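**Student:** Pasting a structure below so you can have a look.
No lab work stands behind these numbers, since they all come straight from the coordinates. Computed from a prediction, not measured in an experiment: that's the story for all the values here. Positions of Cβ are generated from backbone atoms using ideal geometry, with glycine treated the same way; all protein chains shown enter the neighbour counts.
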């Protein structure tokens, strides 16, 4: 037992020294999270505002002008053009000048008075899905009314956003980004670390020594677990400082969840390392597993919008569960125990990948 | 051909030979990499595996250290059944791979420290061994240097130091001098003899004749089969052919004349001379060759020569091909 520990420590120490001397990897450990955080935090904004809009006000009444002003005040649209007819708006949209067109017909007043048909018409550029969904919100804009009572009739729905009232994307993206960055770096680092050892012939020697396969694997993994936790700290810190991301749950829970997730991604990395025989193959295989995780995990596209089969597949991916956990802890303030049902799939994934890699490891030597 | 194992003289640690293999066979699908190899290697000796690439040297060594499970046959190494007791065997053996397999991005000292830790040497002994090995292999000046920046000879000394840090009873060296200059090779062999004097048994694979000649015992492997075994002297004395040395100005014509004789097994050129191996069955080989030269009108002097190890190797591997 003491010898086992000694051998694991020997591998850990060796790995740490090598890591420190490998400038590129060392730079990636810290550069990659910061770069991605800035990229995703600032560039990706799913909260669509200020769509360029054109208005064709054919009614020219007091009420129609107030209606257009209300639409602009919502900040969803910026009125950038006025037109004399619906056809003119269509031309502007086709040419890409506007994404949204508001047509107020001649009989606007009569329509409002009767209330039987929509008072105005909204033209939407459906070729862009984000524009479509944003503009649909605009369709619920109430029409200004005369007489006693509230000036505007209440909308059909009252929309309230929980947890992220300002609907800032960064608040949703940064917690999920912890998972994305860990997946990418942890899987890649472990896969490459082992394959490199095989490519350079080190394994050929190690297998003749008393060091056992699990010892070697644990020893190689430990430094990267520490790096993973360091990355978590970095991302949360920058997320709070730069993007005002709230930390509503306990930090201990965040780290505990991250630890389990890191273990699962390292297991995946080890598995890849037993399949790849060159570092280049390891890179390719890592990206092969990385893409579906990015696309299906709910990081980029809403999970509920995916077809059934894709959802089942997504449930197998560690990132899917971690994103739910970390959003829960950071944004909703849930405890780890409270969201434990998302934790055991990660544990299962870790156990399965470790078992498979250990089984495959010896065979891959010849 | 001498098939008896080399003298099991004065075993250092125990009466059992260091290695005993019985009908050891390894198949990879259709390919038979090692074909029923039986051998016995006494302790405190340097034993060589001589053979061309692909003759099964590395595969045999891998089976003997328990890295590969034999398809057939059994082996006992240092009194342990292989591969069943391979785990406990690992502490008692050292292995030096064909290619440098320590860490190029670690320093000489860090590499040795790492190997010491892997073999669970207590701290004090580890320190002592690292210092002793640095001195023994003239690596003290290089202790802080990264292994990747060492010369071929230095790398090889470091590899041997790494493989012997735990003072193994048995050392496997797989073509250790492939990438090394002649002077370094001589130094390397001096180190090996020093280890053997200390009681270590060494199994070395090589395709260099001069290296093979330094071994106490030798097995010639060809296409997975053990085709000759014995000490270099026994092998040379017991060669299963006559060796005729031909000195002539007309090498090409002489060669053609020799090739026309049905009992000539092979002809090799050594500088301005030819070495011809002639079947043992030939009663008077000199007379026969002289006759052939006279018929072809080739001026030459002929002499019955002592077999070199190369002649032994050619005769042994040639017989298998026939």
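**Student:** Whole percent per 5 Å bin, from 0 to the bin with the longest distance: what is P(r) over all C-alpha pairs of the range A:236-311?
**Tutor:** 3, 12, 13, 15, 20, 18, 12, 6, 1
**Student:** Along the Cα→Cβ direction, 7 angstrom out, place labels at residue A:347 and residue B:99. What is the inter-label distance in nm?
**Tutor:** My value for the distance between the label points is 4.2 nm.
**Student:** More than 16 angstrom separation, counting every C-alpha pair in the range A:280-346; what % is that?
**Tutor:** Values: 1139 of 2211 pairs.
That fraction is 52 percent.
**Student:** Right, here's the next one. Sorted from fewest to most neighbouring beta carbons within 10 Å, what does the list A:30, B:313, A:350 look like? Intermediate results must be reported in sequence, preceding the final value.
**Tutor:** On the way: A:30 13, B:313 24, A:350 20.
Ordered by Cβ neighbours within 10 Å, fewest first: A:30, A:350, B:313.
**Student:** Could I ask something else about it? Taking every DSSP beta bridge with both residues inside chain B, roughly what % is antiparallel (nearest 5)? Write down the numbers at each step before the final one.
**Tutor:** Numbers: 39 of 57 bridges.
Looking only at bridges with both residues in chain B, the antiparallel portion is about 70 percent.
**Student:** Ignoring solvent entirely, what values of log10 I(q)/I(0) come out of the Debye formula for chain B at 0.07, 0.08, 0.15 Å⁻¹ when each Cα is a single scatterer?
**Tutor:** -0.35, -0.44, -1.16
**Student:** Rank B:39, B:235, B:226 by mean-square fluctuation in a GNM of chain B with C-alpha springs under 10 angstrom and give only the top-ranked residue.
**Tutor:** B:39
**Student:** Turning to a different aspect of this structure: Would you mind checking the range A:174-213 for residues with the amide N under 14 Å from a putative spin-label position 7 Å along Cα→C-beta of residue B:88?
**Tutor:** Correct set: none at all.
**Student:** Can you pull the mean other chain C-beta count within 10 Å for peptide B:115-126? Could you put the intermediate results ahead of the total?
**Tutor:** Working: counts 4, 1, 10, 13, 7, 8, 1, 1, 1, 0, 0, 0.
Partner Cβ neighbours, averaged per residue: 4.
**Student:** Computed over the Cα atoms of the range A:169-360, what is the ratio Rg over Rh, Rh following Kirkwood?
**Tutor:** On the way: Rg = 17.0 Å, Rh = 17.1 Å.
For the range A:169-360, the value is 1.00.
**Student:** If you don't mind, there's one more thing I want to ask. Cα axis of helix B:108-118 to longest principal axis of chain B: angle in degrees, 0 to 90, nearest 10?
**Tutor:** 80 degrees
**Student:** Based on the Cβ-Cβ distance from residue A:360 to residue A:50, what FRET efficiency comes out when R0 is 56 Å, to the nearest 0.05? It would help to have the intermediate numbers written out before the result.
**Tutor:** Numbers: r = 53 Å, r/R0 = 0.95.
For residue A:360 and residue A:50, the calculated efficiency is 0.55.
**Student:** Quick one: if you stick a label point 7 Å off each Cα along the C-beta vector at residue A:32 and residue A:72, how many nm between them?
**Tutor:** Each label point lies 7 Å from its Cα, and together they span 4.8 nm.
**Student:** Quote the Stokes-Einstein diffusion coefficient, in whole µm² s⁻¹, for the range B:78-195, based on the Kirkwood radius over alpha carbon pairs, a temperature of 20 °C and a viscosity of 1.002 mPa s.
**Tutor:** Numbers: Rh = 14.6 Å.
Calculated translational D: 147 µm²/s.
**Student:** Antiparallel versus total DSSP beta bridges in the protein assembly as shown: what percent is that, nearest 5?
**Tutor:** The answer is about 60 percent antiparallel.
**Student:** Further question: Let me know the whole percent of all Cα-Cα pairs from the range B:230-294 that are separated by more than 15 Å.
**Tutor:** On the way: 1035 of 2080 pairs.
Roughly 50 percent, rounded to a whole number.
**Student:** Averaged across the residues of B:156-165, what count of C-beta atoms belonging to other chains lies within 10 Å of each residue's C-beta?
**Tutor:** That average works out to 1.
**Student:** Simple spin-label model, 7 Å along Cα-to-Cβ: residue A:81 to residue B:310 in nm?
**Tutor:** 9.0 nm
**Student:** What FRET efficiency would be calculated for the residue pair residue B:27, residue B:81, taking the C-beta separation as r and a Förster radius of 22 Å, to the nearest 0.05? Each step should come with its number before you reach the end.
**Tutor:** Details: r = 21 Å, r/R0 = 0.93.
That pair, residue B:27 with residue B:81, gives E of 0.60.
**Student:** Between helix B:285-296 and chain B, what is the angle of the helix's C-alpha long axis to the longest principal axis, kept within 0 to 90° and rounded to the nearest 10?
**Tutor:** Computed tilt is about 60 degrees.
**Student:** Roughly how tilted is helix B:182-197, in degrees to the nearest 10 and between 0 and 90, from the longest Cα axis of chain B?
**Tutor:** The answer is roughly 70 degrees.
**Student:** While we're looking at this one, here's another question. Quick check on the exposure proxy: order B:189, A:344 from fewest to most C-beta atoms within 10 angstrom. All intermediate terms of the calculation are to be shown ahead of the outcome.
**Tutor:** Working: B:189 18, A:344 11.
Going from least to most buried by this count: A:344, B:189.
**Student:** Would you please classify the overall shape of the protein assembly as shown from the alpha carbon gyration tensor, given that a ≥ b ≥ c denote the square roots of the eigenvalues, rounded means a/c under 1.5, and beyond that prolate means a/b larger than b/c while oblate covers the rest?
**Tutor:** Details: a/c = 3.95, a/b = 2.63, b/c = 1.50.
Prolate, since a/c reaches 1.5 and a/b exceeds b/c.
**Student:** Please report how far the C-alpha centroid of the range B:55-90 lies from that of the range B:136-177, rounded to the nearest whole angstrom.
**Tutor:** 24 Å
**Student:** Next up: How much FRET efficiency would the formula 1/(1 + (r/R0)^6) give for residue A:315 and residue B:138, where r is the Cβ-Cβ distance and R0 is 60 Å, rounded to 0.05?
**Tutor:** Details: r = 61 Å, r/R0 = 1.02.
For R0 = 60 Å, the calculated efficiency reads 0.45.
**Student:** Quickly estimate the mean residue ellipticity at 222 nm for chain B, helices only: each DSSP H run with n ≥ 4 gives -39500 (n - 2.57), and the total goes over all residues, rounded to 500. Present the calculation step by step, with values, prior to reporting the outcome.
**Tutor:** Details: 11 runs with 111 residues, N = 322.
Result for chain B, helices only: -10000 deg cm²/dmol.
**Student:** Please arrange A:313, A:206, B:64, A:291 by counting, for each residue, the other beta carbons lying within 10 Å of its beta carbon, fewest first.
**Tutor:** Lowest count first: A:291, A:313, A:206, B:64.
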